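Below you'll find the structure, written out as structure tokens, and then a few comments.
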Amino acid sequence: MSEQANSKKQSTSKGFAILSAAGFMVKILSLLYVPFLRKILGAEGYGVYAAAYPIFVYIYILTNAGLPVAISKMVSELVAVGNYRDAIKTFKIARFSLLILGIIMSLLMLVFAGTIADGTHSSTAKLAILALSPTILLSSVLSAYRGYFQGRGNMTPTAVSQVLEQIANTVFSLIFAAFFIKYGVAKGAAGGTIGTSIGALVAVIYMVKYYKKNKVFRIPKGQNKIDIKRFTTKRIVKKLVAVALPMTICLAIQQAGLLIDLGLVQSRMLASGIVQKQVTILWGVLFQYTTLINVPIAIITSLAITILPSISSLMALNDKKAVKDKINYAFRLCFLVAVPSAFGLAALAKPIVYVLAYDSGVGRLLSYGSVVIILMAVVSIQTSILQGVGRLYLVTFYALIALIGKVITNYIFVSIPSLNILGAIMGNGVSFAILLILNYFAINKALRIKGKLWSHAIKPIIAAAVMAIVSKFMYSNFKFILSFTKGEYIQSVIAIFMTMCLAIVTYFLVLVFVGGITKEDLEIFPRKITKFIPNSIINRIK
């Protein structure tokens, strides 16, 4: 047996910590390189770049949404019952399928780039879409390896590959954008996307090497003597399709909002009398807002990725109590991260946008739209739970209902000149609110448990509200103290850094005081950080 049982399975908290740390690093890098890219491309060029990405992301989702999740789910279930051979077989079948699918989708993106760009009122983004097409093939192979190791409960290779991918993406995107911008806005935007393909290639090389070194399972003593029923290739393919197909349809419907925003939002702004160039610039502003809120969302996504194989394996073992405990733990962590992120970004929207050198209009969107972070975070966890317990088609149906709500909201509010792109954020809020409510009742019915969303949220909300008030007050004070020094930008950087440090401490202390954090929650933090927490505070945590 060339592949033997996983000795590197990580706990949910450890896996979440690893993935969230990597996700945070990746999003910070993406945040920091945006102002440099905007400086190179200009406001209109960045708008063109921002128009190409939703198209790429949607095709990426169509290609990679289902099978990697199916790999993770099936591998975790098979490993849980000791069927290691079929776990490997499942991965290899899915990897080959993703390779073929990636080739097909890359070619389609290449051939129909112009048609897609014209259909979404983004004709200048054609070259950028063409430049992004090879990434689909590379990312499909990459997602197969990530799904496999996630199914084995090992989040380290996914985390490392994400960081390497983003570093290469950042460096080469800026280099090629600077090189091609002299040939025009459209070519410069296309150059800014080349780093995406290079980043994916770097990540693929790393994952292949990691797989070759770590593909061997170490079977627990006596395990290989157990008579385990093997699956035929036909049955494995059927199970993969049974999970992947509804998952792909579900996420395709959910993420259709990306293309709806690109097409409908821009057309409605044009209908309100805004000229095309300004529409392109406003779209770039919306894309910057999305980049900002994706920082905390990346952490929650890491938790969702970690929780799916964990719930799937527990369901395979029919351990309902453990499933309920895992769900409550996931929601508690979700609110502990999402709530302060939303409150903090809303309270410090303008100074954060100024320090990051983003467009000033992003501050307005952030002030009103930060609440969407909480809705998105909860829906992300709910979706993983429903996937884990096998309610795939129900999730798909709910996604369709939410999409209809989004379309109606966008159509009405985006065309109001005073709102314009703020209407798109309202559409997102309505969409995720609908999903949250429907998923809430579905989870309660599927697991026969009484939902505890509010009980998990109330203490983080109290702590985050106190934190936001303190942050608002202290930022003004820090700015006043530093006003006697030279350089307004440096003053703002120092003031925002000091305020954020104080905000984190305030949030944590209030959480401890109201009993909103447990010793189990502290496991996600490295020992190097928790050792600085005084024993008097540790003793208050249950």
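The values are calculated or read from the model by the stated rules, or taken from the named source; none is laboratory data. Remember, it's a predicted structure, so these values are computed and weren't measured experimentally. Backbone-built Cβ (ideal geometry, glycine too); neighbour counts: all protein chains shown. SASA here: full protein model, heavy atoms, side chains in, ligands and nucleic acids out. Shrake-Rupley method; radii C 1.70, N 1.55, O 1.52, S 1.80 Å.
At a 1.4 Å probe radius, carbon and sulfur cover how many percent of the accessible area of the chain?
On the way: 16170 of 23530 Å².
Exposed carbon and sulfur together represent 69 percent of the surface.
The overall shape of the stretch 399-499 is oblate: from the C-alpha gyration tensor, with semi-axes ordered a ≥ b ≥ c, the ratio a/c is 1.5 or greater and a/b is no larger than b/c. Here F497 sits with roughly 130 square angstrom of accessible surface, probe radius 1.4 Å.
Where does the chain land at 222 nm, in deg cm²/dmol rounded to the nearest 500, when only DSSP H runs of n ≥ 4 count, each adding -39500 (n - 2.57), divided by all residues?
Details: 21 runs with 432 residues, N = 542.
The per-residue figure over the chain is -27500 deg cm²/dmol.
So, with +1 on the Cβ of K and R and -1 on the Cβ of D and E, and no other charges, what is the size of the charge dipole of the chain about its Cα centre, to the nearest 20 debye?
Details: 54 positive and 15 negative charges, 405 e Å.
Using only the charged Cβ atoms, the result is roughly 1940 debye.
The value of relative contact order for the chain, using C-alpha pairs under 8 Å at least six residues apart, is 19 percent.
List the equivalent ellipsoid semi-axes of the stretch 113-262 in whole Å, largest first, each obtained as the square root of 5λ for an eigenvalue λ of the Cα gyration tensor. Intermediate results must be reported in sequence, preceding the final value.
Values: eigenvalues 292, 94, 22 Å².
Calculated on Cα positions only, the semi-axes equal 38, 22, 11 Å.
Net charge in the neighbourhood of G515 (other residues with Cβ under 9 Å of its Cβ; Lys, Arg +1, Asp, Glu -1) is +3. Solvent exposure of the chain, expressed per residue, is 43 Å² of accessible area, with all protein chains present and a 1.4 angstrom probe. One Cα centroid belongs to the stretch 415-467, the other to the stretch 96-142; the line between them spans 33 Å.
Separation of the stretch 34-91 and the stretch 476-542, taken as the distance between their Cα centroids, equals 33 angstrom. Counting only heavy atoms of the protein chains and using a 1.4 Å probe, L258 has close to 50 Å² of accessible surface.
Summary value for the stretch 9-141: 29 percent relative contact order, contacts being C-alpha pairs under 8 angstrom separated by 6+ residues.
Answer rounded, prolate or oblate for the stretch 437-542, using the Cα gyration tensor with square roots of eigenvalues a ≥ b ≥ c: rounded when a/c is under 1.5, else prolate when a/b is larger than b/c, else oblate. Don't skip to the end; give the middle numbers.
On the way: a/c = 2.94, a/b = 1.80, b/c = 1.63.
The shape class here is prolate.
Of M315, M467, the residue with the largest accessible area leads and the full order is M315, M467 (1.4 Å probe).
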